[in-house]
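Here the structure comes first, spelled out in structure tokens, and everything after it is commentary.
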Amino acid sequence: MFQLPPATRAIILANVGVFVLQLLAWDLMLGLFALWPPASHLFHLWQLITYAFLHGSLGHIFLNMFALFMFGRGLELYWGGRRFLIYYLVCVLSAAVTQLLVEGAAGGTEPVLGASGGVFGVLLAFAWYFPRQRLIVLPIPIPVPAWLFVTVYALIELFSGLTRTQAGVAHFAHLGGMAGGALCILYWRARHRFAS
């Protein structure tokens, strides 16, 4: 798949496969595998991971998978498939927990779905390890370094989450994915330092 390394390819193919299943059985997939609030009778523990393989629309899955395609392969080549997959799942899990805590405090009742939490963690790691890599963000054709792009994006997410300017977007899940990713990287660095 366009020279994608195996873990990134597997994540993308799994998301696409699940999206096809969603088209065939939307209500069933949403009820069982989206992330529902713990107070809901629909909540199950496995949803802390499975929600990240569901998407609300073709545009939703396209943007998430395109970001994984663009940024995931560089990280996987740098880390290896096993570490990349662990990292991605940590980001997905931390995004879910963050969103549940925030929405629980706000009394939210809507389900969460989408790979964005994991994708935002991947963006953070890409900027961490390749901070000077130039990115062109359309429609502005000016190259910006990865660290600046990710920092500004995170600030926009924080502002949007606090002001609730975009209904239906889990901004705190995005931030939770980034926070979980940062903690994962710091843990790996500390463990390596103590081991050596």
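State all residues of the stretch 34-48 that are part of a loop (DSSP other than H, G, I, E, B), within 21 Å of the chain's Cα centre (by Cα) and either closer than 10 Å to Val112 by Cβ or in contact (Cβ under 8 Å) with a residue 12 or more places away in the chain (or both); if no residue qualifies, say none.
Matches in the stretch 34-48: Ala34, Trp36, Pro37, Pro38, His44, Trp46.
From Thr8, Thr50, grab the single residue that is among the β-branched types (Val, Ile, Thr), under 29 Å from Leu186 (Cα atoms), buried (at least 21 other Cβ atoms within 10 Å of the Cβ) and modelled with pLDDT of 95 or more.
From the options Thr8, Thr50, the qualifying one is Thr8.
Being farther than 30 Å from Phe43 by Cα, surrounded by 15 or more Cβ atoms within 10 Å (Cβ to Cβ) and in contact (Cβ under 8 Å) with a residue 24 or more places away in the chain: is that true of Tyr153 here?
On the way: farther than 30 Å from Phe43 by Cα: yes; surrounded by 15 or more Cβ atoms within 10 Å (Cβ to Cβ): yes; in contact (Cβ under 8 Å) with a residue 24 or more places away in the chain: yes.
Spelling it out, Tyr153 is indeed farther than 30 Å from Phe43 by Cα, surrounded by 15 or more Cβ atoms within 10 Å (Cβ to Cβ) and in contact (Cβ under 8 Å) with a residue 24 or more places away in the chain.
Select from the stretch 107-132 the residues that are within 16 Å of Trp36 (Cβ to Cβ) and of a type in the set (Gly, Ala, Ser) and write down the one among them that is surrounded by the most Cβ atoms within 10 Å (Cβ to Cβ). Steps first, answer last, please.
Our first condition is that a residue be within 16 Å of Trp36 (Cβ to Cβ); within the stretch 107-132, this holds for 107-114, 117.
Still in the list and also of a type in the set (Gly, Ala, Ser): 107-108, 114, 117.
Values: Gly107: 8, Gly108: 15, Gly114: 26, Gly117: 34.
The qualifying residue surrounded by the most Cβ atoms within 10 Å (Cβ to Cβ) is Gly117.
May I ask you to verify whether Phe19 is in a helix (DSSP H, G or I), out of contact with any strand residue (DSSP E or B) (no Cβ under 8 Å at 6 or more places or on another chain) and surrounded by fewer than 18 Cβ atoms within 10 Å (Cβ to Cβ)?
Details: in a helix (DSSP H, G or I): yes; out of contact with any strand residue (DSSP E or B) (no Cβ under 8 Å at 6 or more places or on another chain): yes; surrounded by fewer than 18 Cβ atoms within 10 Å (Cβ to Cβ): no.
No; evaluated as a whole, the condition is false for this residue.
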Practice prompt. List every residue pair whose Cβ atoms lie under 8 Å apart, where the two residues are 6 or more positions apart in sequence or sit on different chains, the first residue falls within the stretch 71-96 and is more than 20 Å from Leu135 (Cβ to Cβ), and the second residue, located anywhere, is assigned to a helix (DSSP H, G or I) and polar (S, T, N, Q).
Written response: Ala95/Ser116; Ala96/Gln47
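Yes/no per residue for (1) under 20 Å from Gly168 (Cβ atoms); (2) touching a Phe, Trp or Tyr at 6+ places or on another chain (Cβ under 7 Å):
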residue	(1), (2)
Phe69	no, no
Gly74	no, yes
Tyr78	no, yes
Phe84	no, no
Tyr88	no, no
Ser94	no, no
Gly104	yes, no
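Filter the stretch 109-164 for residues that are among the polar types (S, T, N, Q) and under 21 Å from Gly59 (Cα atoms); which is modelled with the highest pLDDT?
Filtering the stretch 109-164 down to residues among the polar types (S, T, N, Q) leaves 109, 116, 133, 151, 160, 163.
Next, only the ones that are under 21 Å from Gly59 (Cα atoms) stay: 116, 160.
Working: Ser116: 94, Ser160: 79.
Going through the qualifying residues, I end up with Ser116.
The values are calculated or read from the model by the stated rules, or taken from the named source; none is laboratory data. Since the model is a prediction, treat every value here as computed from it, not as a measurement. When we count neighbours, we look across all protein chains shown, and the Cβ atoms used for this are built from the backbone with ideal geometry, even at glycine.
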